[in-house]
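Notes follow the structure.
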Amino acid sequence: MAKIDTGDTAWMLLCTFLVILMTIPGLQLFYGGMVRKKNILSVMMQSLALCAAISVLWFAVGYSLAFGTGNAWIGDLSRAFLVGLADSFDTPFTLGAGTDAAVATTIPESVFFLYQLAFAIITPAVVTGAVVDRMKFSAMLLFFSLWSLVVYAPIVHWVWSPLGWLNQMGVADFAGGTVVEINAGICALVCALVVGRRMGWGSDNMAPHNLAYAVAGGALLWVGWFGFNAGGALAAGGRAGMAVLATQMAAAGATLSWALLEWTWRGKPTVLGAISGAVAGLVAVTPAAGFLAPGPALVLGFVAGVVCMWASTWLKFRLRYDDSLDAFGVHGVGGIVGMLFTGLFADGRLTGGTYAGGVALLGVQAFASLVAVAWSAAGSLVLLRVTDVLVGLRVSTEEERQGLDESLHGESLG
């Protein structure tokens, strides 16, 4: 009888803790520091509430829809409420068990479930940055609960289930370029367009309330991203080590390129620009982490810093959409950059030749990126319309003017 590898299990538990740390408190501080004082608690509450709500939904049905055997398009309900988990809690988990595409692991299913749960939590939490200061709390909970099951779970199945149709096509997405980054980024853009711009956008002072919070949150994201990316190996080994190295190089490269470009353009490198660049590099290397040597990863970071800065500044103001905290500019654009870069520069030595950069893989990566864009945009738009009909999307003018901390939660920082 196969046995669980304790080293691999310990590593994946650590990765899980790091990814959850990215949402609470990482994203809470990162986003909380970038909004105005009257909305900081509401932003932190969104991440906290989603952490709880998605945990329950993922346990009930989301995980089973994503990783149940099902078919090429969606899982099934065989693992709803984790039925049967106690019968095999101390044996290694096989993804797609009983099928020709089965993938054996050396960790228990409880750990695999928790690791994937951490991704299911942070993905919608990232999107909230596009609609801070103006979306109802009830609308936020309802929309992202539906989105997690209707939009997120199917694309997880397509890409990460061995039975998924994009997986069968050969997409190279190590830790979520399509599933997390493009999916969240496009949803953020649709949310920003449908909910509309903040009152006073373009005229009022909307400078971050506390950049120290944002820097602390950004630092937690950087560290947590090691678990986010390297956990894609599902084992403690050489590939996980290379993923950590690629992650560090990409983050460093993007931090420098964003800051240097800003310094040249505006005369001063800002703290907000530097931490935004770091996140851009981390986003871009997400699909690539297990496929790139450190040199190309550094180049990817430099490219991502420049492209994401352009999307978060010139493009946003040129097209006049209020993606408040640049969820689309960083995550959506950065995810696409990372997917395409992987298609060109994936190092076959890291996968035994399974994934090697070139025209063929680039085509697969481009197609998968387009699928993620179309799926997220269409699904998000429909669910926003449903949410608007049921509870309404936006707070009243008076509530927005007062601030969401007091108007929605009856609290303030004083």
Name the helices (runs of 4 or more DSSP H) wholly within segment 245-353 that hold at least 2 residues that are within 20 Å of the chain's Cα centre (by Cα) and under 30 Å from residue 170 (Cα atoms)?
-> 271-285, 294-310, 333-345
Name the one entry in 207, 240 that is modelled with pLDDT of 95 or more and either out of contact with any strand residue (DSSP E or B) (no Cβ under 7 Å at 6 or more places or on another chain) or β-branched (Val, Ile, Thr) (or both).
-> 240
Given the conditions (1) within 23 Å of residue 284 (Cα to Cα); (2) out of contact with any Ser or Thr (no Cβ under 7 Å at 6 or more places or on another chain); (3) in a helix (DSSP H, G or I); (4) not polar (S, T, N, Q), and given that residue 385 satisfies all but one, which numbered condition is not satisfied?
-> (1)
Of 113, 143, the only residue that is under 28 Å from residue 368 (Cα atoms), touching a residue at least 12 places away in the same chain (Cβ under 8 Å), surrounded by fewer than 23 Cβ atoms within 10 Å (Cβ to Cβ) and of a type in the set (Phe, Trp, Tyr) is 113
Confirm whether residue 373 is more than 16 Å from the chain's Cα centre (by Cα), part of a helix (DSSP H, G or I) and either of a type in the set (Val, Ile, Thr) or under 21 Å from residue 155 (Cα atoms) (or both).
-> no
Looking only at segment 397-414, which residues are at pLDDT 95 or above, polar (S, T, N, Q) and either surrounded by 12 or more Cβ atoms within 10 Å (Cβ to Cβ) or touching a helix residue (DSSP H, G or I) at 6+ places or on another chain (Cβ under 8 Å) (or both)?
-> 402, 407
Pairs returned, first residue in segment 281-295 that is without any contact (Cβ under 8 Å) to a residue 60 or more places away in the chain, second residue that is acidic (Asp, Glu) and surrounded by fewer than 24 Cβ atoms within 10 Å (Cβ to Cβ), beta-carbon separation under 6 angstrom, 6 or more apart or interchain, are 293/347
So the helices (runs of 4 or more DSSP H) completely within segment 5-70 holding 1 or more residues that are of a type in the set (Asp, Glu) are 6-21
Do we have residue 169 as more than 24 Å from residue 21 (Cα to Cα) and in contact with an Asp or Glu (Cβ under 8 Å, 6 or more places away or on another chain) here?
-> no
Got at least one residue in segment 52-69 being touching a residue at least 12 places away in the same chain (Cβ under 8 Å) and on the phi > 0 side of the Ramachandran plot?
-> no
Residues 254, 293: which one is modelled with pLDDT of 95 or more, surrounded by 22 or more Cβ atoms within 10 Å (Cβ to Cβ) and either of a type in the set (A, V, I, L, M, F, W, C) or under 27 Å from residue 212 (Cα atoms) (or both)?
-> 254
Residue hits (segment 339-371; over 14 Å from residue 293 (Cα atoms), touching a Phe, Trp or Tyr at 6+ places or on another chain (Cβ under 9 Å) and either among the hydroxyl-bearing types (Ser, Thr, Tyr) or crowded, with 20+ Cβ neighbours inside 10 Å (or both)) are 361, 365, 368
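The values are calculated or read from the model by the stated rules, or taken from the named source; none is laboratory data. Because the structure is predicted, anything quoted here is derived from the model rather than measured. Using ideal geometry, Cβ is built from the backbone for each residue, glycine included, and neighbour counts are taken over all protein chains shown.
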